[in-house]
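Peer 1: Below are the C-alpha cells for one structure; questions will follow.
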Amino acid sequence: MTPAAAVPFDDASTLTFRAWDVLEAEKIDLGLPGLSIQPVDFFLKAAEQNPTTSAERELIVDQAALMFNHLYPHLPFKTDIYHFIHPQDFLDQNVRPGFDTLSEADFHDLVVAAFSLVRDAHTLYVKPSPFRGAVAFLPFQMRPYEDETGRHYVVTKVMKSQQDGGLGHPFFGPGAEILVWGDEPIGNHVQRAAGRLPGGNPSALFARGSIHCSVRPLAYVQLPFDDELPAATIQYRPLGGAQVRAIRFPWGVATGLGVTTGFPGGAFSVNALDAASADCGTMIHGRNEFLAEQQMAPTPDPGQVS
C-alpha cells in the first residue's frame, strides 16, 4: 500500500534494523547466546533449502487425518458450533494436490490452517525446523481497549534502537493509536489475523489477534499475510496528536530465542501458543523489564545449602 499523499509517510527500516542490532547485542545478558535476527525474506529463502519431501508431507497429512477422524472427540461438537469444513476435507482439497509444488512455508501454513479450523487452543500443529523456535516480529506491541466510542488499538511497547532509548521515532511510540493496517481498517485486520488463530471465545480471539499482528511464533501460526510482506505499512495517530501519519516496518525473524516450543507442563490451562507468544513478547519488546528483574534477583549464597 502507498499512503495517500495527504498522509505524512516514514520508512522506519533503518530504525528497525538498529533495534535488531541492539537486541542481538544484549543476547548474552538475556541468556540467549544463539539469538540471531534476519529479514523475513532471507528466512523464507533459507527455509526452501531443505524442504520436506513429498513422502514426508503425505505422512503429515495422513497423521492429521487420523487424529481428527479417530482421536479428536470434540470434532462433532465443534462442527455444530462453528460450521467449518472437515479438516481432512480441507487438507484433501488444499494440500494433497500440492505435495510437489507447494513451498515449504505454504505447505506448513496450510496444515496450521486445517488445525485452526477447530478453534481449539490446545490442538495445534507444530511446524518442524527452521520454523520451530523462530519468531516473526515487528518492533512494537499493540493491545486493544474499549470505551464508549468503541474498540481502539494502541501501541504499548516499542523496541529500542539505541541502548539507552526507545525506538527513536518522533511520532510513533507507546500511546499511538493504530487506525489502518495495509489497506484495511485496523479492526478488520485484527479480525483477519484472529481468523488464523485457535480459540473460539470472541474476546480471546481479538486479544490474540492484536498480539499476533506484530508477534508470530512461527512454530504454531501462519506467516504474516502476503500483502504485508516483507514490510507492514500502518497508519496511526500519535499520542496527543491529531494528524494521521503512516509508517512502514520490515518484518524480522528471530531464532535462538529459547521460547516455549511444547505444551507447558506446569499449568495445563495455559496453551502452548499463548505461552510462546508471552515469551516472545518479553524477550523482544519487554526485555528492559526482564533485565531489570534479573539484576534485582538475589544472588545465591554459594555456602548455603537449600
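Peer 1: What's the magnitude of the charge dipole for the range 37-185 around its Cα centre, counting Lys and Arg as +1 and Asp and Glu as -1 at the beta-carbon? Answer in Debye, nearest 20.
Peer 2: Numbers: 11 positive and 20 negative charges, 92 e Å.
I would put it at about 440 debye.
Peer 1: Ignoring any ligand, DNA or RNA, what whole percent of the accessible area of the range 1-82 comes from carbon and sulfur when the probe is 1.4 angstrom?
Peer 2: On the way: 2760 of 4840 Å².
Its accessible area is 57 percent carbon and sulfur atoms.
Peer 1: If you roll a 1.4 Å probe over the heavy atoms of the protein chains, what accessible area per residue do you get for the range 99-141, in Å²? Show your work: numbers first, answer last.
Peer 2: Numbers: 1260 Å² over 43 residues.
For the range 99-141, the per-residue accessible area is 29 Å².
Peer 1: Which aspartates and glutamates does Lys45 reach when only Cα atoms under 13 Å apart count, and residues fewer than 8 places away in its own chain are ignored?
Peer 2: Result set, ordered by chain and number: Glu104, Asp106.
Peer 1: Can you give the local net charge around Gly98? Use residues other than it whose beta-carbon is closer than 13 angstrom to its beta-carbon, Lys and Arg +1, Asp and Glu -1. Mind dumping the intermediate values first?
Peer 2: Working: positive: Arg57, Arg96; negative: Glu58, Asp92, Asp100, Glu104, Asp106, Asp109.
Summing Lys/Arg as +1 and Asp/Glu as -1 gives -4.
Peer 1: Taking the alpha-carbon distance from Lys157 and a cut-off under 21 Å, which lysines remain once sequence neighbours fewer than 8 residues away in the same chain are dropped?
Peer 2: Qualifying lysines at Cα under 21 Å: Lys27.
Peer 1: Right, here's the next one. Which whole-number value in Å² is the accessible area per residue of the range 145-238, probe 1.4 Å? Can you show the working numbers first?
Peer 2: Values: 3730 Å² over 94 residues.
Accessible area per residue, the range 145-238: 40 Å².
Peer 1: On to the next question. On the accessible surface of the range 118-232, probed at 1.4 Å, how many percent belong to carbon and sulfur atoms? Intermediate values should be presented prior to the final figure.
Peer 2: On the way: 2170 of 4380 Å².
The C+S portion of the solvent-accessible surface of the range 118-232 is 50 percent.
Peer 1: Using alpha carbon coordinates only, what is the Rg to Rh ratio of the range 1-117, with Rh defined as the Kirkwood radius? Let's see the in-between values first.
Peer 2: Numbers: Rg = 20.7 Å, Rh = 18.1 Å.
For the range 1-117, the value is 1.14.
The values are calculated or read from the model by the stated rules, or taken from the named source; none is laboratory data. This one's a predicted model, so the numbers in the text were calculated from it and none came from an experiment. For neighbour counting, all protein chains shown are included, and Cβ atoms are generated from backbone atoms with ideal geometry for every residue, glycine included. The accessibility values were calculated without ligands, DNA or RNA, using every heavy atom of the protein model including side chains. Shrake-Rupley method; radii C 1.70, N 1.55, O 1.52, S 1.80 Å.
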